[in-house]
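One structure is given below, encoded as structure tokens.
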Amino acid sequence: MSRQINTRVKHRWLAARIAAAAVLAIVVGPGIGSAVADVRAGAPVFGDVSVFASAPAPGHPFGVAVGDDRVYVSTSAGDFFADPFNGGHLNSDDERIFTYDEAGNLVDTTVIDTAENSDMGLFGLALDGNPTATHKLYVADMNGRILRLDLGKHPAAPEVFSQVPADTGLAGDWMKAMWNDLVFDRVGNLYVPDDKPRIWRVSPNGTASIWFTDPRLTGFFGFAGGPLGGRIDPTGKWLYFSITVAADEPLTAAIYRVRLVDHPTASDLELVHRFPFDPSQEPPQATGLAFAKSGNLYVSLLGPNQVAVLDPAGNEINRISDPRFHSPWGLAFMGKSLLVTNGDLEPATNPDAWKIFKVYVGETGLPLNRPRISGG
């Protein structure tokens, strides 16, 4: 039974793609397609999806950040969960940070050195607010480190900004500590969800410590399934994060929030929303998060290949579907559209799926914290 469940987690739900394709065929079918096209020619409609950019090899775009008239995208070509029964999808070609202009043209590529036969790559991205000469992009390597990239005119090589402390006994093994997303607070601390399950806080000088943990954060697989995506809400008082595959209510996904205080306790943790598990479908598998200015929260869902929309009270109010979504992962606002990366967690190599999509949602994103970091 366990292998059957894990197989469903591994493979994309084909029926959802067929259904989505059928709906698309109806929308553009004879008799009504031209009318819909006329409406869309005049103004975009919520959920309109277009290809913003393609990612070159090694593909598998994960994290995404928007700023400085640029779009930054991280890759995770090495991924254990793309093929877990055969040792994962291994990568010996390093990972990349791709830089695009706002029209989707690739303007720069930074190679991030990773181990031979790596089975885990990069995810979270965060920009600081430093002036141009010292402006940096922070990159989460899910193997337990944060890199810092120089965005100046004559960039230096990427440097290690922080890593899992050696004295914790967790360093150097993503199955013990996996640093996923990156979220700056207003004073320059980075919050880092780790699905083991815990949330780390990294100070502006790079010192890392475990900030919060609770049994409710535990993932279904023990070493995986816990905290993954993270964002601070419009009030600035809460850190929201996703639980990809929960253990307390098996195979569901959840969005929690924890109060942004120095030493949060169990009473500071609140459930915002739970995505139920339907045994006839894949588990929902919540991953990336993005807040709109309105307080609506956008959540990527790997199982049905969709993006859910929650209102400020935590109620689901919409879903965005497209048959081209393959493991939607990272989310970031650009104007009134949402950029969605196609993680493509599949055993086979599928370059046609290595896309970053632009989805019109009709509202703007919540500005992210971009503090000035001394020494940066």
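The values are calculated or read from the model by the stated rules, or taken from the named source; none is laboratory data. The structure presented is a predicted model; accordingly, all values stated were derived computationally and were not measured. Cβ coordinates were reconstructed from backbone atoms using ideal geometry, including for glycine residues, and neighbour counts include every protein chain displayed. Surface areas here come from the heavy atoms of the whole protein model, side chains and all, with no ligands, DNA or RNA. Shrake-Rupley method; radii C 1.70, N 1.55, O 1.52, S 1.80 Å.
Each label was represented as a point 7 Å from its Cα along the Cα-to-Cβ direction; for A348 and L106 these points are 2.3 nm apart.
Once the Cβ-Cβ distance of T132 and S267 is raised to the sixth power relative to R0 = 51 Å, the FRET efficiency obtained is 0.75.
With viscosity 1.306 mPa s and temperature 10 °C, the Kirkwood radius over alpha carbon pairs of the range 153-250 converts through Stokes-Einstein to a diffusion coefficient of 112 µm²/s.
Extension gain, K336-K176: 0.36 nm per intervening residue step, less the Cα-Cα distance, totals 53.8 nm. Taking the Cα centre of the range 223-360 as origin and assigning +1 to Lys and Arg Cβ atoms and -1 to Asp and Glu Cβ atoms, the resulting dipole is close to 540 debye.
Using C-alpha pairs below 8 Å separated by at least 6 residues, the relative contact order for the range 191-277 is 22 percent.
Per residue, the accessible area of the range 249-316 comes to 35 Å² when a 1.4 Å probe rolls over the protein heavy atoms. Convex hull volume of the C-alpha atoms in the range 273-327, normalised per residue: 78 Å³.
Give me the percent relative contact order of the range 276-376, please, defined on Cα pairs under 8 angstrom at least 6 residues apart. It rounds to 21 percent for the range 276-376. Here the mean projected area of the convex hull built on the C-alpha positions of the range 198-287 is 6.2 nm².
Which length gain, in nm to one decimal place, applies between Q281 and R186 when the Cα-Cα distance is subtracted from 0.36 nm times their residue separation? Can you show the working numbers first?
Numbers: separation 95, 0.36 × 95 = 34.20 nm, distance 4.02 nm.
Full-extension gain reported as 30.2 nm.
Based on a Kirkwood Rh over C-alpha pairs, give the Stokes-Einstein translational diffusion coefficient of the range 231-376 at 4 °C and viscosity 1.567 mPa s in µm²/s. Stokes-Einstein gives a translational diffusion coefficient of 80 µm²/s. Pairwise inverse Cα distances across the range 162-212, averaged and inverted, put the Kirkwood hydrodynamic radius at 10.9 Å. Shown here: the range 108-182, whose C-alpha atoms stretch 37, 25, 18 Å along the first, second and third principal axes, sorted largest to smallest.
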